[in-house]
Amino acid sequence: MGGNDVIETIGHELKLLETLALRIGLRTARINLEQYNQYMSEWAMQDWLTAQEAMARLGLKPQTLYAYVSRGLIEARGDGEDSRRSLYRAEDVARLEHRKARGRRPAAIAEDAIAYGEPVLSSAITTIERGGLWYRGQDATRLTESAKLEDVARLLWDCGTQRFPPLATIVPPGEPLARVFAVIAARTATDRPMVGRTKKALYLEAAAVLDTLVDAIASGPGEGPIHARLARAWGCEAEGAEPIRRALVLLADHELNASTFAARVTASTGASLAACALAGLAALSGPLHGGVAPRVLALMREIGRDGLETAIAARLETGAKLPGFGHPLYPDGDPRARALFAAFEPPTAYAQAQAAIGALTGEEPNIDFALSALAARLGLPETAPFQIFAAARCTGWLAHALEQNETGRLIRPRARYVGPAPA
């Protein structure tokens with residue numbers, strides 16, 4: 001790209017920002033490159049605090065601050081302007097400040113833990129750390145370079161090189177989601193509980209449950225890796241197999257998300273692996289979890305109907321969060337989205353929406369936006385993002401079910417009653 005092209009591109013983006021600014025009533029409608037850069041620099045700095053600021057907010061001594069960093073409670077990075085100084089993530093400091101203000105009462109700790117708070121149980125499967133996703137200590141984005149979902153399943157299930165025999169599932173007629181729920185529910189009604197069974201028997205059953213779910217998505221049994229079977233079923237094997245493979249690997253697990261917690265609670269009762277997968281599916285179907293893709297599609301339809309500037313401005317005027325952007329666990333951007341986008345060229349409408357929303361809000365696209373863009377690029381059915389999500393995440397549900405079964409403990413939290421006093 002030549003110098004004139006760069007200037008023209010920057011000018012177009014500034015014009016777009018100016019138009020959006022006028023529509024949503026920002027104080028100034030004239031934005032030049034110098035002002036924009038200054039704004040973005042100031043915005044970025046708000047995310048990080050100096051040691052003095054962090055210690056003042058938390059009432060800490062330097063050694064305590066450093067201890068918090070070493071324990072992973074506060075993320076630190078070097079100061080680009082002064083190599084002798086470190087900066088500390090403001091979000092981590094704010095969370096600790098809130099926890100300190102509430103005190104260490106058990107009820108307060110438990111209530112905070114419900115939504116992205118303190119860890120509530122131990123697991124050796126997946127962690128989100130240093131802005132990355134790690135499966136048993138391995139970087140999930142690096143695994144996308146060559147791993148298949150079957151490889152990741154063996155890693156998450158901690159079963160070595162266990163071979164899984166292919167199975168054939170009788171798939172009932174109907175829409176894809178109805179088929180998926182039907183076959184897993186049928187297994188739930190007949191499969192044995194996990195309690196008292198050997199690891200090998202459970203590994204083989206986990207593979208069977210996953211294969212059953214994939215058969216339902218693909219409309220019947222098939223041969224080859226899961227990503228190839230799905231691509232073949234959707235008629236996009238040549239172009240789609242590779243990015244679908246990457247998506248499956250990236251979505252295999254995500255620590256203790258809502259559907260995984262549902263599966264894990266079910267496993268704690270000793271229920272069958274199919275029952276755990278069914279619990280995960282039910283939770284995944286909600287619009288705030290695996291159902292985000294339809295909301296992204298709705299936004300893209302609004303953009304197509306009303307135009308980019310008008311549609312985004314209308315959303316922001318109502319204070320609505322734009323679906324498919326930002327993630328509480330990835331303040332610097334979702335690495336899964338970046339890894340998936342590296343495998344395909346998003347449609348022009350998606351690329352333009354990503355640039356405009358990023359420039360105005362500072363939010364990066366998350367995996368839901370990337371998955372929706374992939375479905376659009378390949379011309380997949382509207383429910384395909386959920387199906388890809390379910391096939392991938394089933395491996396994680398089964399991994400957590402197996403791990404929970406090993407503990408032999410029932411997950412049974414208590415509720416803090418706030419209703420009328422008993423008579």
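The values are calculated or read from the model by the stated rules, or taken from the named source; none is laboratory data. Please read all numbers here as calculations on a predicted model, not as lab measurements. For neighbour counting, all protein chains shown are included, and Cβ atoms are generated from backbone atoms with ideal geometry for every residue, glycine included. Only protein heavy atoms, including side chains, enter the accessible area calculation; ligands, DNA and RNA are left aside. Shrake-Rupley method; radii C 1.70, N 1.55, O 1.52, S 1.80 Å.
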Within region 144-203, the count of residues that are open to solvent by 80 Å² or more (accessible area, probe 1.4 Å) and of a type in the set (D, E, K, R) comes to 7
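Before we move on, is Asp211 over 26 Å from the mean Cα position of the chain (by Cα) and either within 16 Å of Pro385 (Cα to Cα) or of a type outside the set (Phe, Trp, Tyr) (or both)?
On the way: over 26 Å from the mean Cα position of the chain (by Cα): no; either within 16 Å of Pro385 (Cα to Cα) or of a type outside the set (Phe, Trp, Tyr) (or both): yes.
No; evaluated as a whole, the condition is false for this residue.
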Failed item in (1) within 14 Å of Ser272 (Cβ to Cβ); (2) free of Cβ contacts under 8 Å to residues at least 24 places away in the same chain; (3) basic (Lys, Arg), with Arg229 passing the rest | (1)
Could you please let me know if Glu223 is in contact (Cβ under 8 Å) with a residue 40 or more places away in the chain, out of contact with any Ser or Thr (no Cβ under 6 Å at 6 or more places or on another chain) and over 12 Å from Ile388 (Cα atoms)?
-> yes
Filtering region 126-169 down to residues that are in contact with a Pro (Cβ under 9 Å, 6 or more places away or on another chain) and part of a loop (DSSP other than H, G, I, E, B), which residue is nearest to Gly396 (Cα to Cα)?
-> Lys148
Thr266 being in contact with a His (Cβ under 7 Å, 6 or more places away or on another chain), buried (at least 22 other Cβ atoms within 10 Å of the Cβ), touching a residue at least 40 places away in the same chain (Cβ under 8 Å) and hydroxyl-bearing (Ser, Thr, Tyr) | no
If you check Glu237 against the conditions, is it under 22 Å from Ala337 (Cα atoms), touching a residue at least 24 places away in the same chain (Cβ under 8 Å), open to solvent by 50 Å² or more (accessible area, probe 1.4 Å) and not small (Gly, Ala, Ser)?
-> no
Residue selected from region 69-86 under the condition outside any strand (DSSP E or B) and touching a helix residue (DSSP H, G or I) at 6+ places or on another chain (Cβ under 7 Å), by the criterion farthest from Pro331 (Cα to Cα) | Leu73
Filter region 204-219 for residues that are of a type outside the set (A, V, I, L, M, F, W, C) and open to solvent by 10 Å² or more (accessible area, probe 1.4 Å); the one that is nearest to Cys394 (Cα to Cα) is Asp211
Check on Ala337, assigned to a helix (DSSP H, G or I), surrounded by 16 or more Cβ atoms within 10 Å (Cβ to Cβ) and in contact with a strand residue (DSSP E or B) (Cβ under 6 Å, 6 or more places away or on another chain) | yes
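Just to be sure before I move on: is Val209 within 28 Å of Val120 (Cα to Cα) and of a type outside the set (S, T, N, Q) in the structure I sent?
yes
Of all residues in region 344-358, which are of a type in the set (A, V, I, L, M) and surrounded by 16 or more Cβ atoms within 10 Å (Cβ to Cβ)? Show your work before the answer.
Quick first cut of region 344-358, residues of a type in the set (A, V, I, L, M) only: 349, 351, 353, 355-357.
Result: Ala353, Ala356, Ile357.
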Which of the residues that make up region 290-300 are more than 17 Å from Thr318 (Cβ to Cβ) and either open to solvent by 50 Å² or more (accessible area, probe 1.4 Å) or within 14 Å of the chain's Cα centre (by Cα) (or both)?
-> Gly290, Gly291, Val292, Ala293, Pro294
Assess whether Pro422 counts as being at pLDDT 95 or above, of a type outside the set (A, V, I, L, M) and either out of contact with any Cys (no Cβ under 9 Å at 6 or more places or on another chain) or open to solvent by less than 10 Å² (accessible area, probe 1.4 Å) (or both).
-> no
Scanning region 368-395 for residues that are part of a helix (DSSP H, G or I) and among the β-branched types (Val, Ile, Thr), the one surrounded by the most Cβ atoms within 10 Å (Cβ to Cβ) turns out to be Thr395
The residue from Ala252, Ala228, Ala293 that alone is at pLDDT 95 or above and in a helix (DSSP H, G or I) is Ala228
Subset of region 338-365 (residues that are aromatic (Phe, Trp, Tyr) and closer than 14 Å to Leu308 by Cβ) = Tyr350
Neighbours by Cβ (under 8 Å, 6+ apart or cross-chain): first from region 193-204, aliphatic (A, V, I, L, M); second surrounded by fewer than 14 Cβ atoms within 10 Å (Cβ to Cβ) | Leu204/Pro165
In the list Pro365, Pro323, Pro287, which residue meets the criterion of being over 20 Å from Asp253 (Cα atoms) and either open to solvent by 40 Å² or more (accessible area, probe 1.4 Å) or not acidic (Asp, Glu) (or both)?
-> Pro323
